[in-house]
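S.K.: Pasting a structure here, questions to come.
Readers should treat all values here as calculations from the given coordinates under stated rules, not as data from a laboratory. What you see is a predicted model; the values in this text were computed from it and never measured. In this analysis, Cβ positions are derived from the backbone assuming ideal geometry, glycine residues included, and neighbour counts consider all displayed protein chains.
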Amino acid sequence: MRIVCWNNGAESGYKKQRRNGNSFMSLAKKVLKQYFGYDSFREGQEELIESILRKQDTFGIMPTGAGKSICFQVPALMMEGITLVISPLISLMKDQVEGLNQAGVHAAYLNSSLTAGQYQKALGLARQGRYKIIYVAPERLVTDAFLDFAMQANIAMLVVDEAHCVSQWGQDFRPSYLKIVEFIEKLPKRPVISAFTATATKEVRDDIIDILLLQNPTVTATGFDRPNLYFAVQSPKDKYASMKNFLQMHPGQSGIVYCLTRRYVEEVYERLKEEGFSVTKYHAGLGDGERKANQEDFIYSRAEIMVATNAFGMGIDKSDVRFVVHYNMPKNMESYYQEAGRAGRDGEAAECVLLYAGQDVVTNQFFIDNNKDNQELDEVMRRLVAERDRERLRKMTFYCFTNECLRDYILRYFGEYGSSYCGNCSNCLSRFEEVDVTEMAKGIIGCVQASRQRFGTAMIVDTVHGANTAKIRKYRMETNPYYGKLAKAPTHKLRKVMNHLQLYGYLHVTNDEFAIVKLTEKSEAVLKEEERIVMKMAKEEEHPAKAKKEKSRKWTIGVTEDEFTKTEEEMFERLRALRTEIAREEKVPPYIVFSDKTLVHMCIVKPKTKEEMLSVSGVGEFKYEKYGGRFLTCVQGESKTPLQATGYQTCSAAEQRGI
Ligand code: ADP
Ligand code: ZN
């Protein structure tokens, strides 16, 4: 993973501070182990924590799932005083506070989900110094009640989570985020400010530093790669059958199926339900109540599979999502990476599969041409936006057609350099052969030229293939000298070559609604055979079931699922059942109790004593005291023990928050 760390060029200053930092950092490691049960920091975390502990403003840019929260939660526990965390979404706050409470940290949230009475009570407890970390909605900051509290409190740090919300450049601009600066200015003493985000183009990054008035901040950006995600693209004849096959191979796992339209959601949901899958659904056409209930069913793992449109997901922090299947190709790579990125936030292996069909392009085109979101724009701007959207759609389509490493394609799209082989995507794991397609390329380019660059992709492919359609006859394409020249090549292959030619600049498609194929300065060389076109073609279409067999699930903990013995598999299932039971008692989602990774590690370590249990990654002291004993018993093979019998006291998350 690439890490860039800078502090306005003050590298040497940073190094000088290191000696001091060392004792801080060994303490930070202890805090990490004690509360969160982890043995070591992930990349980027140490730099950020050290900077905060030096009381330096700090700005962390890390992809989803990289572990941003730890970067401010660990120093918050070490600093004298309270840490305020500004977060835009109620669901995010709730999730984080529940996680902290389960780890034994006193934390609370202040937002509109509390009744007036609960809010007053929480604020009262905050005044008494009950909480170390308080999550607060930005619009609350400058209210009288909150200011009254903040003026008296010892605020050590202010954390701006999802910091891109301050920038108008981003997609998620929230005017209430601008209140943060106003709030800071009102405080009697300026706390350390830290900001975190997963999205940061240069404009957004500069905006965050400027708007939040960060003072000489340490900026740490880790790469956007998510190595634990496996990427795959398939173009199956029967999407539903293909998806069903995939789901059958992932029993008991949490996953999301994204569809482009409500109609698809309903259709897929109904069929899956009929076939007995544990499934729920989400789209903007459902009532508020139903949406909320379905979302909770998924988060609390009462339903395994969520079938949804892109309306689902914002603020969903469920860390144990093991797969994201795209039933349709989304509109652009930004959406795809964001949606697929909801898999594997816990850092464990997860799969992102995109099921492509030509119809997806048509549907997306339709959305672009009929976009109602841009009504307030003038005609010129609307056209520009539509052109940009078409270009993005094209880049998305190329992703579905490329035979190169998919991860590399994604990273390049976002301006990073990957390597040409990641070993964890369907292209890297398929066998390809290099095929000389110059003849096909000549036919296609020749046809574009002979028809005077007036037609779109489909017409060109149909012409060289020699199709006999009404459209061909209407435009008299059967008289084109290239008509039927490539009749022997299957159309899907011709389309692949066509895409390859566009991707590498031998042809160009206009960005307007007509999407006309045009020649480029590179076209001529192909026609003259000065250049040969060689591209990778799949040797054999891999059968999904076979592919899965070869690629058994690999836990990052170092074993594959196949290496699990039968005993361990049974143990894992027992532990999972116990986790569900405890989650129910605690009224929190199961992944808040322990992550899958922690359970897997438990199966490997097979702890017999408290010390051995504490050596399991993710088991901190507080959680051990709360339910460690029950898990110990469970590892020994005795199934779930009733709560009373173990003598372990638990209190609900709400009780701990004191509200
Ligand atoms: P982000 O906010 O960057 O999307 P989170 O803070 O939600 O990511 O962290 C993602 C997951 O990684 C959580 O389950 C968290 O407990 C885990 N995690 C964070 N830091 C570490 C670490 N140092 N070691 C092991 N797991 C970690
Ligand atoms: Zn790859």
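S.K.: Can you list residues whose amide H is under 5 Å from THR58's amide H, if they're 5+ apart or on another chain and H is modeled 1.01 Å from N?
M.R.: HN-HN under 5 Å from THR58: ILE193, SER194, ALA195, THR218.
S.K.: Is the shape of the stretch 107-185 best called rounded, prolate or oblate, per the rule: a/c under 1.5 gives rounded, else a/b larger than b/c gives prolate, else oblate, with a ≥ b ≥ c the square roots of the Cα gyration tensor eigenvalues?
M.R.: Judged from the Cα gyration tensor, the stretch 107-185 comes out prolate (a/c at least 1.5, a/b above b/c).
S.K.: Based on DSSP H runs of at least 4 residues, each adding -39500 (n - 2.57), what is the mean residue ellipticity at 222 nm of the chain after dividing by all its residues, to the nearest 500 deg cm²/dmol?
M.R.: Working: 28 runs with 287 residues, N = 659.
Helix contribution divided over all residues of the chain: -13000 deg cm²/dmol.
S.K.: In terms of the Cα gyration tensor, with a ≥ b ≥ c the square roots of its eigenvalues, is the stretch 42-88 rounded because a/c is under 1.5, prolate because a/b exceeds b/c, or oblate?
M.R.: oblate
S.K.: Taking the DSSP beta bridges in the chain as the whole, what percent of them are antiparallel, to the nearest 5?
M.R.: Numbers: 14 of 63 bridges.
Given both bridge residues lie in the chain, the antiparallel proportion sits at roughly 20 percent.
S.K.: Something else: According to a simple spin-label model (label point 7 Å from Cα along Cα-to-Cβ), what is the distance in nm between SER420 and PHE432?
M.R.: Inter-label distance under the simple model: 0.9 nm.
S.K.: For LEU92, what is the net charge nearby, where nearby means another residue's Cβ is under 10 Å from its Cβ and Lys, Arg count +1, Asp, Glu -1?
M.R.: Within the 10 Å Cβ shell, the charges total -3.
S.K.: Continuing with this model, one more query. Mind checking which lysines have their C-alpha under 22 Å from LYS121, skipping anything on the same chain fewer than 8 residues away?
M.R.: Answer for LYS121, where 22 Å is the Cα cut-off: LYS94, LYS132, LYS587, listed by chain and number.
S.K.: Return the loop-located GluC sites (Glu not before Pro) in the stretch 341-442 (DSSP other than H, G, I, E, B) with at most 15 other Cβ atoms within 10 Å of their own Cβ; answer none if there are none.
M.R.: When the GluC sites (Glu not before Pro) of the stretch 341-442 are filtered for loop state and at most 15 Cβ neighbours within 10 Å, GLU376, GLU416 remain.
S.K.: In addition: Which of ARG382, ARG345, ARG431 has the fewest other C-beta atoms within 10 Å, and how do the rest follow up to the most?
M.R.: ARG431, ARG382, ARG345
S.K.: Under 8 Å for C-alpha pairs, at least 6 residues apart: give me the relative contact order for the stretch 39-157, rounded to a whole percent. All intermediate terms of the calculation are to be shown ahead of the outcome.
M.R.: Numbers: 127 pairs, mean separation 35.2, N = 119.
Reported as a whole number, the value is 30 percent.
S.K.: Using only alpha carbon positions, build the gyration tensor of the stretch 299-435, then give the equivalent ellipsoid semi-axes as the square roots of 5 times its eigenvalues, largest first, whole angstrom.
M.R.: Value: 27, 22, 14 Å, ordered largest first.
S.K.: Now, a different point. With the crude spin-label approximation of a point 7 Å out along Cα→Cβ, what separation in nm comes out for GLU267 versus ASP238?
M.R.: 1.5 nm
S.K.: What is the chain's relative contact order, in percent, from Cα pairs under 8 angstrom and six or more apart in sequence?
M.R.: Contact order relative to length: 14 percent.
S.K.: Express in whole angstrom the spacing between the alpha-carbon centres of the stretch 76-146 and the stretch 331-356.
M.R.: What the calculation gives is 31 Å, centre to centre.
S.K.: Ok, one more. Would you mind counting up the charge near GLY37? Only other residues with Cβ under 11 Å from its Cβ, with Lys and Arg at +1 and Asp and Glu at -1.
M.R.: Residues close to GLY37 contribute a combined charge of +1.
S.K.: Hey, another quick one. Hey, can you grab everything whose amide H is under 5 Å from the amide H of VAL257? Only 5+ residues off in sequence or another chain; H modelled, so Pro and N-termini drop out.
M.R.: Amide H to amide H, under 5 Å and 5 or more residues apart or across chains, VAL257 pairs with MET306, VAL307, ALA308, VAL325.
S.K.: Follow-up. Once the other residues with Cβ under 12 Å from the Cβ of ALA66 are scored (Lys, Arg +1; Asp, Glu -1), what is the net sum?
M.R.: Residues near ALA66 contribute +1 overall.
S.K.: I've got another one for you. Which whole-Hz ³J(HN,Hα) couplings does the stretch 479-487 yield from phi under the Karplus relation 6.51 cos²θ - 1.76 cosθ + 1.60, θ = phi - 60°, glycine and proline marked x?
M.R.: 8, 5, x, 9, 4, x, 4, 10, 4
S.K.: Quick one: order TYR177, TYR475, TYR504 by neighbouring beta-carbon count within 10 Å, fewest to most.
M.R.: By the 10 Å Cβ count, ascending: TYR504, TYR475, TYR177.
S.K.: Order of THR115, THR457 from fewest to most other C-beta atoms within 10 Å?
M.R.: So the residues, fewest neighbours to most, are THR115, THR457.
S.K.: Can I ask one more? With just the Cα atoms of the chain, tell me how far they stretch along each of the three principal axes, in Å, largest first.
M.R.: Principal extents (Cα only, largest first): 86, 58, 52 Å.
S.K.: Check the stretch 171-284 and count each lysine pair with an alpha-carbon distance under 18 angstrom, considering only pairs eight or more places apart or from different chains.
M.R.: Here the count comes out as 5.
S.K.: Straight-line reach from LYS33: which aspartates and glutamates have a Cα under 12 Å away, not including same-chain ones fewer than 8 places off?
M.R.: Straight-distance partners of LYS33: GLU621.
S.K.: So who's got an amide H within less than 5 Å of the one on LEU110, skipping anything under 5 residues away but keeping other chains? H placed 1.01 Å off N, in plane.
M.R.: TYR135, VAL136, ALA137
S.K.: Another question, if that's okay. Normalised by the residues of the stretch 444-535, what does the relative contact order come to in percent, with Cα pairs under 8 Å and at least six apart?
M.R.: 32 percent
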